[in-house]
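Structure record follows, encoded as structure tokens.
Nothing in this text is a laboratory measurement; each read-out follows from the coordinates by a stated rule. If you're wondering where the values come from, they're calculated on a predicted model, not measured in any experiment. Don't worry about glycine lacking a Cβ; one is built from the backbone with ideal geometry, like all the others, and counts go over all protein chains shown.
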There are 2 protein chains.
Amino acid sequence: MTQPSPALLADLAALLGPKGFTTDADVMAPWLSDWRGRVHGAAAALLSPASTAEVQAVVRLCAAAGARLTLQGGNSGQCAGATPDASGEALLLSLRRMNAVRAIDRDAMLMMADAGVILQHAHEAAVATGLRFPLTLGGKGSATLGGLVSTNAGGTQVLRHGTMRALTAGLEVVLADGSVLDMMVPLAKDNQGPDPKQMFIGAEGVLGIVTGVTLRLVPDVAMRAVGWLTVETPSDALAALRRMEPVLGNALEGFEILPQRALDNVVAHVPGTRAPVETPGPWHVLVELVAAEGEDDPAPRLEAALGGLIEAGVASDAMLAGSEAQADMLWRIRDAISEAERAIGPAMQHDISVPVARMPAYIETVPGELTAAFPGVIPLAFGHLGDGNVHFHVRPPLGSDANAWIAEHGAAVSDHVYRAAVAMGGSISAEHGIGRVKRESLAALGDPVRIGLVRAMKAALDPKGMLNPGVLLPDNG
Amino acid sequence: MTQPSPALLADLAALLGPKGFTTDADVMAPWLSDWRGRVHGAAAALLSPASTAEVQAVVRLCAAAGARLTLQGGNSGQCAGATPDASGEALLLSLRRMNAVRAIDRDAMLMMADAGVILQHAHEAAVATGLRFPLTLGGKGSATLGGLVSTNAGGTQVLRHGTMRALTAGLEVVLADGSVLDMMVPLAKDNQGPDPKQMFIGAEGVLGIVTGVTLRLVPDVAMRAVGWLTVETPSDALAALRRMEPVLGNALEGFEILPQRALDNVVAHVPGTRAPVETPGPWHVLVELVAAEGEDDPAPRLEAALGGLIEAGVASDAMLAGSEAQADMLWRIRDAISEAERAIGPAMQHDISVPVARMPAYIETVPGELTAAFPGVIPLAFGHLGDGNVHFHVRPPLGSDANAWIAEHGAAVSDHVYRAAVAMGGSISAEHGIGRVKRESLAALGDPVRIGLVRAMKAALDPKGMLNPGVLLPDNG
């Protein structure tokens, strides 16, 4: 591959106009490094089409010229899947100008939207009609719907509502041959062979360009109840979840675990936070129940459930937020764990999953293995216990030069964390995806049959390798 | 293609043993015609492997020999997708001997099972652990899990629980190259690229052989409330659904519409049935609410909702089943509609879907179009209004020679029914699939981009066309 030709650039400039085409280095700069600032790329131009038809036209021009496209939404991915390589040969295709909510169907509880709509705007548009789009995550002010589909995003409400796959009712996708798969209008039942739109969910843009999304909405939250539990072990936390599920059922929406260390970090580094209970862990759980208009107030049920856990000896302490401000504070603690950790210093961050039943064993054994193999490291596991998914961070030993230590040992630490997950039937990427930064790990540890199927799809749908070279598959560009 | 060679048959016989291999015409006969007795085929042998490893070995032998396989579960499909062609060149591969429930994980609410497990056995195994597999349909005594996955089966509980795709947590699939995709252990979050198991759901066996399924289970039903509504129009029925949804929420599991004619047919032809209300339609709705242990009794809520509909003038009559026997009777009426119709004579049967909001318009306009174009025909639409899916049957004019009339006009009638669905953004197959009998209609009326994607998957995964020739795709064998 070589630089895009001046003729191609001129054609693209003419097609997209000044709002949709630039080669200005200052304008492009913010979009050429990944969210976490670890991966830096270059691009011959930034393309910002304003419509699906313009995306099609871009694809046709690039296909004819043999050019390659790196796709980007909010550039808030955790694995650099939206960052071009350093060669400067790629064209950066941003979907951000396609940011219209096309329609909301209140009866059917659906939102049709351009792929470039930012998650927070989708939240606001839903709430304005008395509904809710329940998927949420830290990057909601930047992440776009197309990126969320392409990484099958998760977040804190997966326990009840599932990942992006469960919330995606329809898709519009521009294919590498310039045609459009229009499956925006969802049918509850439609059995005309396999459902092709499923292929593009989680595909990180290597199979097609998501340009439109139909989201499933749910009734807006009318009441919530947020509580806090202190437990001895992750096994006790899972036992608490299993006891609460039958009595709280569908109302149970959040179940997040954190160790005492994470709480201490937050209280020490995030102004205005304090420990919600006096019992010092060693483990804590945040629980959230929500109810829609017309449903019962969940607070008495949560209070009864928490009391039952104390009585049964599963929890050593518990509290129920007595106000919205208190509920917000509990979530603030959970959401600030990474922020607090960044204030302390760099860490090796992992996002792994295992079957839910094995999550306690993972959390209880892998930190010890790591401190034995890498003396002095400080592991920290927290997150979505109910989904079998924790964010597993490992800080270098105290007193070491953190960046130098990570440069020397980081790959070995990550390899240990990932191998332990795979050995328990788990995944090296629970919700962040593979992108550029995990594709060697996927090649080494992933199931070869599964990777072979993805490779076959790639060869079938994008035989020239136009879309997102360098992303997901080890042999992709 | 030619007949499988004697050498291949000998190898298969040696591999599978006498329980797994036969060429006996009497033994094979029941499996060579489709459920509805319309399509008749032939096979060189019936292969009944007892394990995934045996399926792999069969595939490898057949791939090496260039032989073709027709896959079969319970042979209860509605579109002859499990019937070999008449050439006798295919080998019929039955999954029925693979009929073990491998494990039930009560905590995770999952059942791991062989693909040949019959739906009713899966129901019973779930209930024995206090859980439920909520998908059900008329053929439950024959249909196998592998067939249900391969046709993305629906049924009467889709409103709440979704189709087979939503209830499939894991799959094991033998691919055309003899390798096994093992994704039986589900992870709530697992983002290592697109999810390959999605491709095999609804794929009608043309992309791979489903040998194992992990089902999502739900808490068993502790209480139910079944009611009956009489309304003026399908639009009123949909209005009733939209009014009930916010107040009945997650408890609402069934919402089935039928015209007075269907009720009359049942009462006339099915012994022991009688009309549940005195008001003669013209339209009726069966509503079911269910609740698990620990949830509120749904009967008072349904009673209040039905009363509200009468008060609001949406319904002209309503009743709440006062006993389990009465509830069973209401369902018996719904389930006997096809049986009653068969007693009257042959009909052209269609299974279409449109977006839910357009379902009333479809039901209210298409019958009139048909009787204008084909004077004397008797259309009958009934079924899953809440899913935007009705079974649309058309009987030949009274006094005609029914079979001769259908032979002459059936294709034109079906074409009209399908074109009307597609014109409303709908599907020519809501839940029955394409199989052998609808593939010409799919070719004529389906979205070419979507069909192109399925064709690309087929070429990528089964380049020699070994699996289910003649099924789904117009150019498949």
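Dimensions of the range A:269-321 from C-alpha coordinates, computed as largest minus smallest value along each principal axis and given longest first, are 40, 32, 12 Å.
Taking a ≥ b ≥ c as the square roots of the eigenvalues of the alpha carbon gyration tensor, the range A:345-423 is prolate, as a/c is not under 1.5 and a/b beats b/c. Label-point distances for B:ALA407 to the equivalent site in the other copies, using a point 7 angstrom along Cα→C-beta, read 8.5 nm when ranked shortest first. Amide H contacts of B:LEU71: B:LEU93, B:ASN468, each under 5 Å away and 5 or more positions distant or on a separate chain (H built 1.01 Å from N in the peptide plane; Pro and chain starts excluded).
Report note on the peptides B:414-426, B:71-83: ranked by the mean count of other C-beta atoms within 10 Å, highest first, their order is B:71-83, B:414-426. Roughly how many Å is it from the Cα centre of the range B:239-314 to that of the range A:1-38, as a whole number? Comparing the Cα centres of the range B:239-314 and the range A:1-38, I get a distance of 59 Å. Translational diffusion coefficient of the range B:185-325 (Stokes-Einstein, Kirkwood radius from Cα pairs, 20 °C, 1.002 mPa s): 119 µm²/s. The range A:415-477 and the range A:372-406 have Cα centres separated by 23 Å.
Counts of other chain beta carbons within 10 angstrom of each beta carbon in peptide B:446-456 average 6. Net charge dipole, the protein assembly as shown: roughly 1820 debye, given to the nearest 20, about the Cα centre with Cβ charges of +1 for Lys and Arg and -1 for Asp and Glu. Share of Cα-Cα pairs in the range A:101-219 beyond 19 Å, in percent? Percent of Cα pairs beyond 19 Å in the range A:101-219: 41. With label points defined 7 Å past Cα in the direction of Cβ, position B:THR279 shows copy-to-copy spacings of 5.7 nm, given to one decimal and shortest first. Counting charges near A:GLU408 (Lys, Arg +1; Asp, Glu -1) among other residues having Cβ under 15 Å from its Cβ returns a value of -1.
With the convex hull built on the Cα atoms of chain B, state its orientation-averaged projected area in nm². Before the final figure, lay out each step's value.
Numbers: hull surface 92.0 nm².
Spelled out: convex hull of the Cα atoms, projected over all directions, averaged, 23.0 nm².
Each copy carries a label point for A:ARG242 at 7 Å from Cα toward Cβ; from one copy, the others' points are 4.5 nm away, ordered from shortest. Centroid-to-centroid, using Cα positions, the range B:163-189 and the range A:80-113 are 29 Å apart. Taking the 0 to 90 degree range and rounding to the nearest ten, how far is the long axis of helix B:6-20 tilted relative to the main principal axis of chain B, both from C-alpha atoms? Relative to chain B, helix B:6-20 is tipped by roughly 50 degrees. Electrostatic tally near B:LEU472: other residues with Cβ closer than 11 Å to its Cβ, Lys and Arg +1, Asp and Glu -1, net +3.
Axis angle, to the nearest 10 degrees, between helix A:448-461 and the longest C-alpha principal axis of chain A: 30 degrees. Taking a ≥ b ≥ c as the square roots of the eigenvalues of the Cα gyration tensor, the range B:83-132 is prolate, since a/c reaches 1.5 or more and a/b is larger than b/c.
Close amide H pairs (under 5 Å, H built 1.01 Å from N) link B:GLY170 with B:THR214, residues at least 5 positions away or on another chain. Only aspartates and glutamates eight or more places from A:LYS197 in sequence, or on another chain, were considered; those with a Cα closer than 14 Å are A:GLU172, A:ASP182, B:ASP195, B:ASP447.
In units of the rule-of-thumb radius 2.2 N^0.38 Å, the range B:7-66 shows an alpha carbon radius of gyration of 1.20. Once you have a ≥ b ≥ c as the square roots of the Cα gyration tensor eigenvalues for the range B:300-362, tell me rounded if a/c is under 1.5, and otherwise prolate or oblate according to whether a/b is larger than b/c. Oblate is the answer for the range B:300-362, as a/c is 1.5 or above yet b/c matches or exceeds a/b. The phi torsions of the range B:428-442, fed into the Karplus equation with coefficients 6.51, -1.76 and 1.60 and a -60° offset, translate into couplings of 7, 9, 7, 9, 8, x, 10, x, 8, 7, 10, 6, 5, 5, 4 Hz, rounded to whole numbers, with Gly and Pro shown as x. Enter the angle in degrees (range 0 to 90, nearest 10) between the Cα long axis of helix B:324-335 and the first principal axis of the Cα atoms of chain B, meaning the one along which they spread out most. Taking the Cα atoms of chain B, the angle to B:324-335 is about 70 degrees.
Largest first, the three principal axis extents of the alpha carbons in the range B:266-372 are 50, 34, 28 Å in whole numbers. Using C-alpha pairs under 8 Å with a sequence gap of at least 6, the mean separation divided by the residue count of chain B gives a relative contact order of 15 percent. For B:LEU110, nonlocal amide neighbours, meaning residues 5 or more places apart or on other chains whose placed amide H falls under 5 Å from its own, are B:ASP105, B:LEU217.
Cβ under 9 Å from A:PHE255's Cβ, A:PHE255 left aside: what net charge do those residues give with Lys, Arg +1 and Asp, Glu -1?
Values: positive: none; negative: A:GLU253, A:GLU256, A:GLU288, A:ASP387.
Every neighbour counted, the sum reads -4.
Put simply, the C-alpha atoms of the protein assembly as shown give a gyration tensor, and the ellipsoid matching it has half-axes of 45, 35, 29 Å, longest first.
Under the rule of -39500 (n - 2.57) per DSSP H run of 4 or more residues, summed and divided by the residues of chain A, what mean residue ellipticity at 222 nm is obtained, to the nearest 500 deg cm²/dmol?
Working: 16 runs with 173 residues, N = 477.
Per the formula, -11000 deg cm²/dmol.
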